[in-house]
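Novice: Take a look at this one; I'll ask things after.
The values are calculated or read from the model by the stated rules, or taken from the named source; none is laboratory data. Here the structure is a predicted model, which is why all the values come from computation and not from measurement. Please note: Cβ atoms are built from the backbone with ideal geometry, for glycine as well, and neighbour counts cover all protein chains shown.
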Amino acid sequence: MFFKTEGQTSVLNLANNLYKTGKYSKAIEQYKKVKGQHQVYDKIAVCFVAVGNFDEALKNYELHIKANPNDAFVKYDYAKLLFNTNKHEEASMIFKELVGSDSSNPNYHYQLGLTLEKLKDSTAITEYQKTFKLDSTHQKAIYKVARYHVVKKENQLAEYYMDMGLKSYANNTELISLKAQYYYMNEDYYKASQWFEKLLELGESSGFVHEKLSLCYGHLKRFEEAIEQRKLALEFNQNDAVAIYVIGTYYLELSDFINAEKYLKNALELLDKPLDAEYSKLAVVLNSQNKYDEALDVLKKAIKEDPESVYPQFMLALTKDKYYADVDARIQAYLDFKKRFPSSNYNEYVDGRISELRKETFVDDVE
């Protein structure tokens, strides 16, 4: 009996040492040699998790729980593995059992909340709120509750939870990102920019962050910074036609017509189905450089994109007015527009311009 007991202890020690050094498959082999398997089912399960064999891990967790029905620690690990293998119904049953046995454990509530969320059960938020009540520094639960109130547009509660989370962990990038997006959604671009900047300071560089920060700067008329951030966003997706187009519009705001033309043309080449607005914007840039013939070509494309759009056809009349030498042809351009859109808001300008051009014709006739 002595030698048998000592031999079993040696096998168990060897298995434990193999596990500790990361030799999980060899550890499993040794654990299976241990008599009284009910003592090591949980250890075998952990080894199978480590090597990625989740089916065997689940089987051994189930065997352990059958032999040790009151082992809450292993039940918790078992439920988490069920969750991670998309067995959400089974996981929810175990987590509910754990909550029932110890309702003061915040992580039981949090994991149950995650599982209910996967099951599209609206009571998930209740479990996150219980987690927060039990542990007001639980960062993951705080994020879930704060995000819930952001989506619901319950601003006061959203800010309360975000501030609570950041009070206990100032560099929580999930909460910082949520706060930045919250202010952006509420059109407070100055505060949003500060929180997006904070993300960059913490090394959270991404196309999304650079894009949103660029848009904040654009709304704040900080166009040079907006261009810089949008170019950084482009590094994550070099063929993002929308980003290239937006950069062109920022250059237009800075009256840098050369770069505006470059980026707008590049964007239009990349877009599969350019919109009339994009062509019209390029026409503005071309007109600003007195490239009226190119502007006319671009406006014709814009009109082809959407024949019912008023603005590109108004721009066409304006461009003809600047480009054509013949005054009658310029007047006719405005008359064509007015005939096409008799109720347009632009017609007050059109009538005034026709009147001016007719006066020019009258003066020429008198001379």
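Novice: Please determine, by comparing only the residues of region 160-187 that are part of a loop (DSSP other than H, G, I, E, B) and over 18 Å from the mean Cα position of the chain (by Cα), which one is farthest from G218 (Cα to Cα).
Specialist: Y169
Novice: Name the one entry in A192, A267, A226, A233 that is in a helix (DSSP H, G or I), small (G, A, S), surrounded by 18 or more Cβ atoms within 10 Å (Cβ to Cβ) and more than 20 Å from the chain's Cα centre (by Cα).
Specialist: A267
Table: residues versus (1) surrounded by fewer than 20 Cβ atoms within 10 Å (Cβ to Cβ); (2) under 30 Å from H210 (Cβ atoms).
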residue: D240; (1), (2): yes, yes
residue: A243; (1), (2): no, yes
residue: E253; (1), (2): yes, yes
residue: K281; (1), (2): no, yes
residue: E308; (1), (2): yes, no
residue: L316; (1), (2): no, no
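Novice: In addition: Out of (1) at pLDDT below 95; (2) closer than 25 Å to L82 by Cα; (3) part of a helix (DSSP H, G or I), what's the single condition that is false for G22?
Specialist: (3)
Novice: Condition test on N259, is it closer than 25 Å to Q181 by Cα and surrounded by fewer than 22 Cβ atoms within 10 Å (Cβ to Cβ)?
Specialist: no
Novice: Still on this model: Specify the residue that is farthest from the chain's Cα centre (by Cα); the eligible residues are those in region 85-121 that are of a type in the set (D, E, K, R), assigned to a helix (DSSP H, G or I) and farther than 19 Å from D71 by Cβ.
Specialist: Per the criteria, the residue is E89.
Novice: Does any residue in region 33-55 that is closer than 12 Å to A67 by Cβ and in contact (Cβ under 8 Å) with a residue 24 or more places away in the chain come within less than 8 Å, Cβ to Cβ, of a residue that is among the small types (G, A, S) and exposed (fewer than 15 other Cβ atoms within 10 Å of the Cβ) six or more places away or on a different chain, and which pairs are these?
Specialist: Correct list of pairs: H38/A67; Y41/A67.
Novice: Just to be sure before I move on: is L299 in a helix (DSSP H, G or I), under 32 Å from the mean Cα position of the chain (by Cα) and within 30 Å of E224 (Cβ to Cβ) in the structure I sent?
Specialist: Considered against the rule, which asks whether it is in a helix (DSSP H, G or I), under 32 Å from the mean Cα position of the chain (by Cα) and within 30 Å of E224 (Cβ to Cβ), L299 comes out as no.
Novice: Filter region 25-38 down to the residues that are in contact with a Leu (Cβ under 8 Å, 6 or more places away or on another chain) and more than 13 Å from L14 (Cβ to Cβ), then identify the one that is modelled with the lowest pLDDT.
Specialist: Selected residue: Q37.
Novice: Which of the residues that make up region 141-159 are surrounded by fewer than 19 Cβ atoms within 10 Å (Cβ to Cβ) and assigned to a helix (DSSP H, G or I)?
Specialist: Y148, V151, N155, Q156, L157, E159, listed by residue number.
Novice: Show the residue pairs that are 6+ apart or on different chains and have beta-carbon atoms under 7 Å apart, the first residue being within region 283-294 and within 16 Å of A325 (Cβ to Cβ) and without any contact (Cβ under 8 Å) to a residue 60 or more places away in the chain, the second being assigned to a helix (DSSP H, G or I) and among the β-branched types (V, I, T).
Specialist: Once the first residue is within 16 Å of A325 (Cβ to Cβ) and without any contact (Cβ under 8 Å) to a residue 60 or more places away in the chain and sits in region 283-294, its partners that are assigned to a helix (DSSP H, G or I) and among the β-branched types (V, I, T) give Y292/T319.
Novice: Restricting to region 344-359, name every residue that is part of a loop (DSSP other than H, G, I, E, B) and either at pLDDT 90 or above or not hydroxyl-bearing (S, T, Y) (or both).
Specialist: N345
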